[in-house]
Amino acid sequence: MMLGKQPDLVSKFLRTEFFRYIVSGSIAFIFDFSVLVFCTEVLAMHYLYSNIAGYAVGLVVSYTINVIWVFNYRRFNGKQRREFAYFTLIVLFGLVTSELVLWLVTESSEIHYTWAKVVATFFVFLFNFITKKWLLFSPAHA
């Protein structure tokens, strides 16, 4: 009996904002991570500076996908500068958290900065979704 309901649950989940946010976040992470590695390995930048550059690229990718595809409602629709400013503030909090976790994990252990980035992303991902949804993309807060 339960097996018949699983496709419905999966189908419903695949249509949720959270699932779209996972896809969007994964795409933004690929850009962010690629810039981090490129700047660190090719341009010989310190990994913490490279992380900032990656975050900047990820911010633009994430914002674009979030407003076009992820969220069904935009509180500041028609006021993109204001919306982008709030979005950026949320991401900056994530950047500070990411920098701290990246530094702590890399410097206090033998873990490579790329694995530390994955750990940092885990900490920031859910906070970003909840905060963006509540502050920017939810009519309930308006």
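If r is the Cβ-Cβ distance from LEU9 to ILE130 and R0 is 30 Å, what FRET efficiency results, to the nearest 0.05? Walk me through the intermediate numbers first.
Working: r = 22 Å, r/R0 = 0.73.
It comes to 0.85.
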How much length would be gained if the chain were fully extended between ARG82 and ILE68, taking 0.36 nm per residue of separation minus their Cα-Cα distance, in nm to one decimal? 3.4 nm
What are the ³J(HN,Hα) values, in whole Hz, obtained from phi via the Karplus relation 6.51 cos²θ - 1.76 cosθ + 1.60 with θ = phi - 60°, for each residue of the stretch 96-108 in sequence order, with x given for Gly and Pro? 4, 4, 4, 4, 5, 5, 4, 5, 4, 5, 5, 7, 9
Based solely on its DSSP helices, what 222 nm [θ] is calculated for the chain when runs of n ≥ 4 H residues each add -39,500 (n - 2.57) and the sum is averaged over all residues, nearest 500 deg cm²/dmol? -25500 deg cm²/dmol
Taking R0 as 25 Å and r as the Cβ-Cβ distance between VAL60 and VAL37, the FRET efficiency 1/(1 + (r/R0)^6), rounded to the nearest 0.05, comes to 0.90
Springs between alpha-carbon atoms under 10 Å, Gaussian network over the chain: tell me which of TYR63, TYR49, TYR21 tops the mean-square fluctuations. TYR49
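Values quoted throughout were computed directly from the atomic coordinates according to the rules given, and no laboratory measurement underlies them. This one's a predicted model, so the numbers in the text were calculated from it and none came from an experiment. No Cβ is skipped: glycine too gets one built from the backbone with ideal geometry, and neighbour counts run over all protein chains shown.
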